[in-house]
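Beneath this line is the structure, given in structure tokens, with notes to follow.
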Amino acid sequence: MKNMSVQMNRSLMLCSALMAKLTILVVEDDPLARKIMETHLGGHSVEFAADKASALEKLAARNHDLCFIDLKLGRNDECSGLQLIPVAASKGVYSVVMSGHDSENYIERAYELGCNDFFSKGNEEENIGSILERFLRKRGQVKVDEVFVESFVTEDPSTRATIAEALNYAPSSLPVLLLGPSGTGKTTLAKVIHDHSNRSGEFVAINCAAYSEDLLEAELFGYRKGAFTGASDNRRGRLLQANGGTLFLDEVGSMSLKMQTKLLKAIEEGTFYPLGADKLETSHFRIISATLEDIRSLINSNRMRFDFFQRIHGFTVQLKPLAHRKCDLLPLISFLTRAQKRLAFTPDAKAEILRHDWPGNIRELRKFVDLLLAGDEGCVSVETVSRLLKTIRVEDGTDSFATEAQFRFALSQGLNEAVDRFIDTIIKRAVTQNYGRKAKTLADLKISTRLLYSSLRRIGRHPRQEPVS
Amino acid sequence: MSAGKAGDLDSLIHDINSKSASLKTAARLLQKSPHAEMRELLALMEQQAKSIVEEIQALEASLNRK
């Protein structure tokens, strides 16, 4: 119980530390209750008033974000605090009644007069944190349209709905898991969520797939000079850099189980030792993770610990590939060219853009736009669009041997399964084209009898299996 | 009981509830407070406890006057 209480208070103080500084008026006649509020609201700009008259003066003199109001202000007072509620409400101040007078009568009256929250005294430790979070969530109820025009451009209704819901949780410390194919905007969305979180700390990103296990550990936890060969200086790790902010774990699916265990401990305890250090470091951050892999498959194949998954997913956003939200293509092109040469497209050019599947998603689209801007055309023709799309495919290898769907299949079912499926598809087609003649199939495909018959056995077991193309 | 006395009792009940709640919260805060802040809290808590006693004594006195 003691540990829970310490943790709660820590999280409250933390809340204060992490949030933007708020201007708060506390109307309370009891000196001990004022002291308690002062302690729990540390880090914010707090004014006090002990009676109705001075409260009215202070409300008039300054714009407050929140006002905590005790109803009974003085020994013989007739709950004059109630009269402050409509005054605060008319100024757009978020008013919270914290009172020992918590009969239904008073609660109803307070809400009728326009208060936003009503709490009984005695639980300040738990209540103040959640009140501030609720206030920030309400305030931060972002002009969502702005986000979809300025930061994460989409006109797709379901994508907008998911992102709007995610932004509701932006001011909280709920971890967010972003799923979606490569190039769909996971990093952009992570930044948007951080920007709307009111966190005073930084947005710190790390691509977990870009490092070996040892290097990832060093990057995340930091190290002391001499901790290992090559550690020529002390280095502050990403966990410390993210203190008070957001830690974005990109490609979290590639993290080893050992690293997941270490990171889980650091997330849960908020403390860790940098490599080679004997001094414990503290850091509190919000986690946003992203992966293009299938999460269920990661857990089922024991590549992700279930307890680690529980810790990194509070709210999940699934981003659709551009092929499933083609309504975004032209607005995205407009957005990507907004500060540069504006382009027009012939009807055929637009149709060609919409016909293409954009397997590289926004990354591919960005490259396409860069190539367009480097060219001479202001009104882009269909021939230019086709030529540039072909160029991008050759450069990226997106026209390469393995399609996006085959790649994703391999990730979800395993490479062996994907290879078998590919072999079966080719052999079935060849046998069909050769009217069942196996000798010709063997010669055409240059394969062994063993391979042919093992494939035919598999096809025989799953005759309706669809090729992955 | 007269309306006046009922009112006094209501007031006492409310004040005891409210002030006890503050005392409990303050006591929990003592655990995490540095020395100087602890002294300040204890002084306020003592004042609070005394004010409860005063209110109880005042109600007692008004009952005795009857």
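We did not get these values from a lab; they are worked out from the coordinates using the rules stated. What you see is a predicted model; the values in this text were computed from it and never measured. Cβ: placed from backbone, ideal geometry, glycine included. Neighbour counts: every protein chain shown.
Potential lengthening of the chain between A:Asp77 and A:Ala351 amounts to 91.3 nm, from the contour at 0.36 nm per residue minus the alpha-carbon distance.
If you plug the beta carbon distance of A:Ser45 and B:Ile13 into 1/(1 + (r/R0)^6) with R0 = 35 Å, you get a FRET efficiency near 0.50.
3J(HN,Hα) along the stretch A:381-387, derived from phi through the Karplus expression 6.51 cos²θ - 1.76 cosθ + 1.60 where θ = phi - 60°, amounts to 8, 5, 5, 5, 4, 4, 4 Hz, with x in place of Gly and Pro.
For the peptide B:22-31, the mean number of other protein chain Cβ atoms found within 10 angstrom of a residue's Cβ is 6.
Positive end of the dipole of the protein assembly as shown (Cβ unit charges, origin at the Cα centre): among A:His313, A:Ile295, A:Ala170, the Cα lying farthest that way belongs to A:Ile295. Hydrodynamic estimate: the Kirkwood radius of chain A over Cα pairs, inserted into Stokes-Einstein at 4 °C and 1.567 mPa s, corresponds to D of 48 µm²/s. Under a 5 Å amide H cut-off, with hydrogens placed 1.01 Å from N, A:Phe203 pairs with A:Thr246 among residues at least 5 apart or on other chains. Counts of other chain beta carbons within 10 angstrom of each beta carbon in peptide B:35-45 average 2.
Would the stretch A:280-338 count as rounded, prolate or oblate if I go by the C-alpha gyration tensor, calling it rounded below 1.5 in a/c and otherwise prolate when a/b exceeds b/c, oblate otherwise? Oblate.
Residues in the stretch A:248-253 carry Karplus couplings, in order, of 9, 9, 7, 6, 5, x Hz; the curve used is 6.51 cos²θ - 1.76 cosθ + 1.60 with θ = phi - 60°, and Gly or Pro positions show x. The mean sequence separation of alpha-carbon pairs under 8 Å and at least six residues apart, normalised by the residue count of chain A, gives a relative contact order of 11 percent.
For the stretch A:329-335, 3J(HN,Hα) computed residue by residue from phi via the Karplus equation (6.51, -1.76, 1.60; θ = phi - 60°) reads 4, 5, x, 5, 4, 4, 5 Hz, glycine and proline entered as x. Rounded to the nearest 0.05, what FRET efficiency is calculated for B:Glu60 and A:Asn63 with R0 set to 41 Å and r the Cβ-Cβ distance? Using R0 = 41 Å, I get an efficiency of 0.30. When peptides A:171-178, A:435-442 are ranked by their average number of other Cβ atoms within 10 Å per residue, the highest-first order is A:171-178, A:435-442.
Each label point was placed 7 Å from the Cα along the Cα-to-Cβ direction; for A:Asn302 and B:Lys32 their separation is 4.1 nm.
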